[in-house]
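**Student:** Got a structure for you, written out below as structure tokens; questions coming shortly.
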Amino acid sequence: MNINLTLLAQAVSFAILIWFTVKFVWPPLLRAIENRQKQIADGLAAGERGREELAQASERASTELTSAREKATGIIAQAEQRAAEIIEEAKGVAKVEGDRILTGARAEIDQEVNRAKEGLRQQVSLLAVAGAEKILRREIDARAHGDMLATIANEL
Amino acid sequence: MASETTLTPSSYIEHHLGFNTSSVGEGGFWVLHVDTLIMSVLLGVVVFGFLWWAVRGATSGVPTKRQAAIELLMGFIDNQVKSIFHGDRHVFLAPTAFTVFVWVLFMNAMDFLPVDIMAWIYEHVFHLSHWRSVPTSDVNATFALALSVWLLMIFFSIKVKGLGGWVHELFCAPFGSNPLVWPANFLFNVIEYVSKPLSHSLRLFGNMYAGEIIFLLLGMWAATGLTGTIASAILGAGWGIFHILIVVLQAFIFMMLTVVYIAMAHESH
């Protein structure tokens, strides 16, 4: 245990090593670590933000989906209503058309009946005239009685 | 393995504990322990050169294993300093603690080198008849560290409190500022200032020196015959394993005391 100059030399090298560490070893390492800590913190924050955005987006998507569904339901309802309306309309038109056709046919039938009646009337009058002519050939003045018959035929 | 022709236990121990001295002037003080200096400076250059090399390429991205290991050590020491010191530790104290821990750890770790094999290598490869591998088992080395810390302690004390504040504290702490207790305060502080570097350096020195002595005693036992060889091999292995703890623990204690002393210098009473 003899104290000698070694002590001073050792102290000098200690001082140099401290200076070296303070200057060249510690700061770059500290900077690297602090930068990494910042990066990790930023990354975590970004992840958190991303998750929040995802939640918001999915919420938005679900609202959109709901509204789209509602809209679709509305459109379908409208379409059904419109279809019903069209059917009603068509029914109405068809009814009118049918009525029209029915009326036409009825009118035609009436005409035909009238015409047939007219013909029959003529034939009946002719037959009556012919019969009367045969029965009353001799004594009856054909012309005077013909006028009388014509008056009757017109009264039928 | 000694150069002497007759090998006695005392000459064996004496040889192993002899320094490689180099006289640079008159008297006992102007002597250099070349082995202590070379070993400590060499370790400093290699270890801190490695740190510098590893740190120069330090990235804030994914670190290499090398960088991660250094960062783990750094984080560990930084945490210790943070719990003790409340100023801006990155300016000086934390890197100083780092320096102390790493350097003392590696100087202590020289104790793992097997004493006799290394003595043979120093003798026959480097032609050095005396060479101590463990710088921290030289009281000069531990005193140099402790006194440097002591000076730093006084420096920061004066820097933080001013010269007047420091002198005031010498006389007015811990018992109070009454002039009657000034002598007691001063005596107390002187004792504290003397005991701090002594306990700081002698703790480390004592542990490392004792460790070395035990290895030497086991080595002596090994020379007594087969039983001694086997027993000392087993005990030497056990002591070596236990020494892993001592080496790290003493480096840690030395660092912690450094931090505590310098941190205390920053606090006013």
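**Student:** List every residue pair whose Cβ atoms lie under 6 Å apart, where the two residues are 6 or more positions apart in sequence or sit on different chains, the first residue falls within segment A:20-48 and is closer than 13 Å to B:Gly57 by Cα and at the interface with another protein chain (Cβ under 8 Å from one of its Cβ atoms), and the second residue, located anywhere, is open to solvent by less than 50 Å² (accessible area, probe 1.4 Å) and among the small types (Gly, Ala, Ser).
**Tutor:** Close Cβ pairs satisfying both conditions: A:Pro28/B:Ala58; A:Leu29/B:Ala58; A:Ala32/B:Ala58; A:Ala32/B:Ser60.
**Student:** Can you name every residue in segment B:40-51 that is more than 7 Å from chain A (Cβ to nearest Cβ) and under 14 Å from B:Leu105 (Cβ atoms)?
**Tutor:** Selection gives B:Leu43, B:Val46, B:Val47, B:Phe50.
**Student:** Can you tell which of B:Leu105, B:Leu151 is closer than 30 Å to B:Leu216 by Cα, part of a helix (DSSP H, G or I) and open to solvent by 10 Å² or more (accessible area, probe 1.4 Å)?
**Tutor:** Answer to the selection: B:Leu105.
**Student:** Which of the residues belonging to segment B:195-230 are farther than 23 Å from B:Phe143 by Cα, modelled with pLDDT of 90 or more and small (Gly, Ala, Ser)?
**Tutor:** none
**Student:** Now a separate question. Can you go through B:Ala54, B:Ala97, B:Ala68 and tell me which one is farther than 26 Å from B:Thr21 by Cβ, within 18 Å of the chain's Cα centre (by Cα), within 12 Å of chain A (Cβ to nearest Cβ) and in a helix (DSSP H, G or I)?
**Tutor:** None of the others qualify; the one that does is B:Ala97.
**Student:** Applying the selection to segment B:4-20, what residues are out of contact with any helix residue (DSSP H, G or I) (no Cβ under 7 Å at 6 or more places or on another chain) and either at the interface with another protein chain (Cβ under 10 Å from one of its Cβ atoms) or open to solvent by less than 80 Å² (accessible area, probe 1.4 Å) (or both)?
**Tutor:** B:Thr8, B:Ser10, B:Ser11, B:His15, B:Leu17, B:Gly18, listed by residue number.
**Student:** Then there's this: B:His127 versus (1) at pLDDT below 90; (2) more than 25 Å from the chain's Cα centre (by Cα); (3) part of a helix (DSSP H, G or I): which is the lone unmet condition?
**Tutor:** Among (1) at pLDDT below 90; (2) more than 25 Å from the chain's Cα centre (by Cα); (3) part of a helix (DSSP H, G or I), B:His127 violates only (3).
**Student:** List every residue pair whose Cβ atoms lie under 7 Å apart, where the two residues are 6 or more positions apart in sequence or sit on different chains, the first residue falls within segment B:92-103 and is more than 13 Å from B:Thr136 (Cβ to Cβ), and the second residue, located anywhere, is among the aromatic types (Phe, Trp, Tyr).
**Tutor:** B:Leu93/B:Phe85; B:Ala94/A:Trp26; B:Pro95/A:Trp26; B:Phe98/A:Trp26
**Student:** Right, next: So if I check each of B:Ala119, B:Ala94, which one is among the hydrophobic types (A, V, I, L, M, F, W, C) and modelled with pLDDT of 90 or more?
**Tutor:** After applying the criteria, what remains is B:Ala94.
**Student:** Oh, and also: Would you confirm, using the coordinates I've provided, whether A:Ile3 is closer than 29 Å to B:Trp53 by Cβ, more than 50 Å from the chain's Cα centre (by Cα) and of a type outside the set (Ser, Thr, Tyr)?
**Tutor:** no
**Student:** Run B:Gly87 past the list (1) at pLDDT below 90; (2) within 27 Å of A:Ile33 (Cβ to Cβ); (3) open to solvent by less than 30 Å² (accessible area, probe 1.4 Å) and report the number of the one that doesn't hold.
**Tutor:** All conditions are met except number (3).
**Student:** Additional query: Mind counting the residues in segment B:18-53 that are among the hydroxyl-bearing types (Ser, Thr, Tyr) and farther than 17 Å from B:Trp103 by Cβ?
**Tutor:** So the count comes out to 3.
**Student:** Among the numbered conditions (1) open to solvent by 50 Å² or more (accessible area, probe 1.4 Å); (2) over 22 Å from B:Leu42 (Cβ atoms); (3) within 14 Å of chain B (Cβ to nearest Cβ), tell me where A:Val12 comes up short.
**Tutor:** Condition (2) is where A:Val12 drops out.
**Student:** Ok, one more. If a residue has to be under 24 Å from B:Ile214 (Cα atoms) and over 19 Å from the mean Cα position of the chain (by Cα) to count, how many in segment B:21-51 make the cut?
**Tutor:** 1
**Student:** Now a separate question. Inspect all residues belonging to segment A:7-15 and state whether any of them is of a type in the set (S, T, N, Q) and either over 30 Å from B:Leu93 (Cβ atoms) or in contact (Cβ under 8 Å) with a residue 40 or more places away in the chain (or both).
**Tutor:** No - not one qualifying residue is present in segment A:7-15.
**Student:** If you don't mind, another one. Among the residues of segment B:134-144, is any under 13 Å from B:Leu37 (Cα atoms) and part of a loop (DSSP other than H, G, I, E, B)?
**Tutor:** Among the residues of segment B:134-144, at least one is under 13 Å from B:Leu37 (Cα atoms) and part of a loop (DSSP other than H, G, I, E, B), which makes the answer yes.
**Student:** For B:Met107, work out the one condition from (1) closer than 30 Å to B:Ile13 by Cα; (2) without any contact (Cβ under 8 Å) to a residue 60 or more places away in the chain it doesn't fulfil.
**Tutor:** (2)
**Student:** Can you name every residue in segment B:192-235 that is among the acidic types (Asp, Glu) and open to solvent by less than 20 Å² (accessible area, probe 1.4 Å)?
**Tutor:** Correct list: B:Glu212 only.
**Student:** Do you know which residues across segment A:109-131 are open to solvent by less than 60 Å² (accessible area, probe 1.4 Å) and either among the hydroxyl-bearing types (Ser, Thr, Tyr) or closer than 15 Å to A:Thr151 by Cα (or both)?
**Tutor:** A:Ser125, A:Ala128, A:Val129
Conditions (1) hydroxyl-bearing (Ser, Thr, Tyr); (2) within 14 Å of chain A (Cβ to nearest Cβ); (3) open to solvent by less than 30 Å² (accessible area, probe 1.4 Å); (4) touching a His at 6+ places or on another chain (Cβ under 8 Å), marked per residue:
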| site | (1), (2), (3), (4) |
| --- | --- |
| B:Asp111 | no, no, yes, yes |
| B:Val134 | no, yes, yes, no |
| B:Leu147 | no, yes, no, no |
| B:Phe156 | no, yes, yes, yes |
| B:Gly164 | no, no, no, no |
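The values are calculated or read from the model by the stated rules, or taken from the named source; none is laboratory data. Predicted model only: the values in this text are computed from it and were never measured. Counting neighbours? That spans all protein chains shown, and the Cβs are built from the backbone with ideal geometry, glycine included. For accessibility, only protein heavy atoms count, side chains too; no ligands or nucleic acids. Shrake-Rupley method; radii C 1.70, N 1.55, O 1.52, S 1.80 Å.
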